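Structure, as structure tokens:
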Amino acid sequence: MNSGASSHMTWHRDYFDKFEEDSDGSSVRLGDNHKFLSKGKKVVASPYVKKSAFKETLLAVLKTSGLETELRNTVFHWMRSHNNNANINGYPVKEPLAYLRKAQLQWEKRIHKSLNSMCSELGVPLARFRLASDKDELSDKWTELSTYDIDLSQYRPVYAPKDFLEVLLWLRSPNYRPMDGEGTWNFSQIPLKVKTLSELRCLYAEVSRGESQLGVKLNMPSVYPNIPTLEAERTLHGEKVILSNHAPLAQEFLKRGCPRCLRGKIWSQVLGSQIRQANIQHFGELKNLVIQYDLLVDKLIVKVMLCFSRDTEILSVFNHSASNPVHAILKNKSAIVENTVIFPPSGIIPFHGFTMYAMPFCYMYENPIALYYTFRAFYLRYWFRLHEVSSHEQGILSLCLLFERLLQRYEPELWFRFKQVNIQPVRVVFKWLMRGFSGHLPPEQLLYLWDMILAYDSLEVLPILALAILSFRRDNLLQVETLQNVESVLADLSSVAVISLIQSALLRE
């Protein structure tokens, strides 16, 4: 190769390397996919890419090589996950409000204390090697762990949603002056900005306009004369979306609902959780760690979640989460930083009902590896915000506040009835919100709801649905006087049509 050609290729490769860094030092992380990075360098070193018309020729070669879509998807996922933490005095902070940071820290200390208490009560360490017999049994029953017989009678959840709710209800802004005799009836003492119904209508524009949606009516006719039903129409369009392999297009497609036969592939496209060889290898390593080590939290979770608890890649969530992982001291070691480890390796302590975040994915995937990576991506994007003290607009605190303001504004009769009988409205719906309604709605209706979360990249649909359900059961709720009876009225949600109720809530005047 002559020196001219060599310098041509070197210049182009250097350009592609620099493309990973933007002006403020943050990165698009093309290097996370080494295979893609290698293909990209070959493309820019191609003789078809001319220095004199670099942009035009590079775009043309990217399109013909098929890398354009992959690059667009990479940038799409980077933009969604880019760290936008606030800064105070030049230092990045994960939670800008000091009193919420303090509350989260105190909550983490309680969780740590609960873990230590459980260890002391049971006389077991946080982590230990499994016995050889246990390893063999676990390995043999890996595909049918529901038959893995262990005594769980002595184990209790580290915490439950009601424990976390008590923490939230006692939060007080230092700028808030309570009135005499005022208790913890609602979240009015938390001055966070949440959307109005008008703003929510703009966010969920397609739903607010009453556009035809899957899940509203069985066998709804298509607008196309040659297609019999809306589901057939959506299936036809969805197959084209899958072939395009374009994540933003898949996200847009979800706004009118997704046929069950395509949902797994569409969700994987939106979340960027398609399975590659590296993912298969990583899952195998996680499985081996499960078989090798017995963690205290293993008794509180099930198969896929066992791998989740060992996955150190999940620690990336703490870059933009308001929470921090629990640190444990190595056995028989002094309490210094060098002798501490994160427990569990993922940094996430499971609470009562935590596995409900993963359960709906079992209806979408036969392959446990595909199930795991899509669930993990969903958790890292959304669910982590539902069990931390944070002022983020998608956090559980803001969702509770949004629910209360919508209820007070659009169901004043119910609001005053709850106040009259001293029932805090948020206690009625908190489990729904914290679990994303998993375990409370029929699977098909739940997946329509989670379609909307992905489509609009927002958890604000959860309090909208909570309001709609209370409105739907208004007459019965007005006749009861205790929290127990209210919960009885709302216990069975099997008749709830999620999309119809959300539409009715958004169309209120």
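Numbers at a glance
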| read-out | value |
| --- | --- |
| Ile369, Ile423 arranged by Cβ crowding within 10 Å, fewest neighbours leading | Ile369, Ile423 |
| Nearest-20 debye value, the chain charge dipole, Cβ charges on Lys, Arg, Asp, Glu | 840 debye |
| Amide hydrogen neighbours beyond the local backbone of Arg130, cut-off 5 Å, H modeled | Tyr293, Asp294 |
| Under 29 Å from the Cα of Lys255 - lysines, other chains or at least 8 residues apart | Lys63, Lys193, Lys195, Lys217, Lys240, Lys265, Lys431 |
| Fewest-first sequence of Trp185, Trp432, Trp450 by Cβ atoms within 10 Å of each Cβ | Trp185, Trp432, Trp450 |
| For the stretch 379-458, size of Cβ-based charge dipole, Lys and Arg +1, Asp and Glu -1, in debye | 300 debye |
| Ascending count of other beta-carbon atoms within 10 Å, so fewest first, for Ser323, Ser334 | Ser334, Ser323 |
| Theoretical gain in end-to-end length, Glu413 to Leu507 [0.36 nm per residue, Cα-Cα removed] | 32.0 nm |
| Förster-model FRET efficiency, 51 Å R0, Val480 and Ala98, C-beta, rounded to 0.05 | 0.80 |
| Label point distance in nm, Ile336-Asn324, each placed 7 Å from Cα along Cα→Cβ | 2.0 nm |
| Label-point gap, in nm, between Ser173 and Leu243 - each point 7 angstrom along Cα→Cβ | 5.3 nm |
| Residue-span extension gain [Ile280 to Val421] - 0.36 nm each, minus C-alpha spacing | 45.3 nm |
| Signed unit charges on C-beta, dipole axis of the chain, positive-most listed residue His327, Met118, Gln277 | Gln277 |
| Correct option for P(r) over Cα pairs in 10 Å bins from 0, in percent [calculated from the coordinates] among (i) 4, 16, 24, 22, 16, 11, 6, 1, 0; (ii) 3, 16, 25, 25, 19, 9, 3, 1, 0; (iii) 4, 19, 30, 26, 14, 6, 1, 0 | (ii) |
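A short reminder: the numbers here are calculations on the coordinates, not readings from a lab. Not measured: the values here are computed from a predicted model. In this analysis, Cβ positions are derived from the backbone assuming ideal geometry, glycine residues included, and neighbour counts consider all displayed protein chains.
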